[in-house]
Amino acid sequence: MGVDLGFIFDLDGVLTDTVELHYHSWRRLAEEEGVPFSREANAALLGRTREDALDLWLNGRPCSPEQRAELLRRKNASFLEALEGLGPGDLLPGVAELLHEARERGVRLGLASSSRNARRVCDRLGVTALFGAFADGASVVNPKPAPDIFLWVAGRLGLHPTRCLVFEDSEAGVRAALAGGFPVVGLGDPARVGRAGWVRPDLHGATVDEFARPLDPHPALP
């Protein structure tokens with residue numbers, strides 16, 4: 001296998017379960033504001049920017065720019081408080097093994113997350129240094145389901161989209177990657193990520209060869 005192959009990972013729900021931390025911070029805000037919020041409602045926020053997620057959370061309720069800014073500040077403060085307990089042991093099953101195997105075998109690694117806290121999360125997980133390209137919610141103008149963030153990361157890795165495999169757990173993320181011409185591994189519920197070329201419950205037991213062989217033009221892998 002040559003070095004002209006890249007893996008691009010989403011963060012929330014792919015590398016670690018910050019999805020649960022986000023759910024509790026949105027729910028806490030909802031309880032403080034006296035508005036309904038459920039896990040089903042939270043699922044619709046996956047892969048969205050803070051602003052887009054707030055629009056869905058508000059569900060049409062009027063909100064001034066000043067109120068929006070304050071709601072986002074409170075939600076983020078709640079999330080950062082919960083984040084203090086996160087560490088390397090919170091990587092999801094199979095993630096550490098796949099990341100380190102990919103690095104050892106010359107696969108270029110990138111991260112593409114809608115979260116503006118992505119670097120802070122990866123620092124706490126101890127994986128930031130593994131990524132040759134790192135994009136968060138402030139890296140591009142158009143968020144998922146636009147393909148921009150994946151295209152940005154592929155460009156930084158120096159690879160064509162067809163040579164970069166995207167790992168996503170959200171419908172918006174899968175749509176974004178497919179729109180950019182990337183092969184995609186969908187993680188989680190097939191009803192949500194079923195359009196991906198590969199569908200897995202998670203990365204437990206995943207290996208580089210499982211994904212690289214169908215993409216690599218060379219028949220022999222080291």
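The values are calculated or read from the model by the stated rules, or taken from the named source; none is laboratory data. Because the structure is predicted, anything quoted here is derived from the model rather than measured. Positions of Cβ are backbone-derived with ideal geometry, glycine not excepted, and every protein chain shown enters the neighbour counts. Accessible surface is based on the protein model in full, side chains and every heavy atom, while ligands, DNA and RNA are left aside. Shrake-Rupley method; radii C 1.70, N 1.55, O 1.52, S 1.80 Å.
Remarks
- Contact order relative to length of the range 89-222, as percent, for alpha carbon pairs under 8 angstrom and 6 or more apart: 21 percent
- For the chain: accessible area per residue (Å², 1.4 Å): 45 Å²
- DSSP-loop chymotrypsin sites (Phe, Trp or Tyr not before Pro) across the range 127-187, with at most 15 other Cβ within 10 angstrom: none
- Of all accessible heavy-atom area on the chain, the percent that carbon and sulfur account for (1.4 Å): 51 percent
- DSSP bridge orientation in the chain - percent antiparallel, rounded to nearest 5: 5 percent
- Dimensions of the range 70-222 along the principal axes, based on C-alpha atoms and rounded to the nearest Å, stand at 55, 32, 31, largest first.
- Only helices enter the 222 nm calculation for the chain: every DSSP H run of n ≥ 4 contributes -39,500 (n - 2.57), and dividing by all residues gives -13000 deg cm²/dmol, rounded to 500.
- Shape call, the range 1-137: gyration tensor on alpha carbons, a/c limit 1.5: prolate
- Restricting the GluC sites (Glu not before Pro) of the range 22-93 to loop positions (DSSP other than H, G, I, E, B) with no more than 10 neighbouring Cβ atoms within 10 Å leaves E84.
- Mean Cβ count within 10 Å, highest first, over the residues of peptides 193-200, 53-60: 193-200, 53-60
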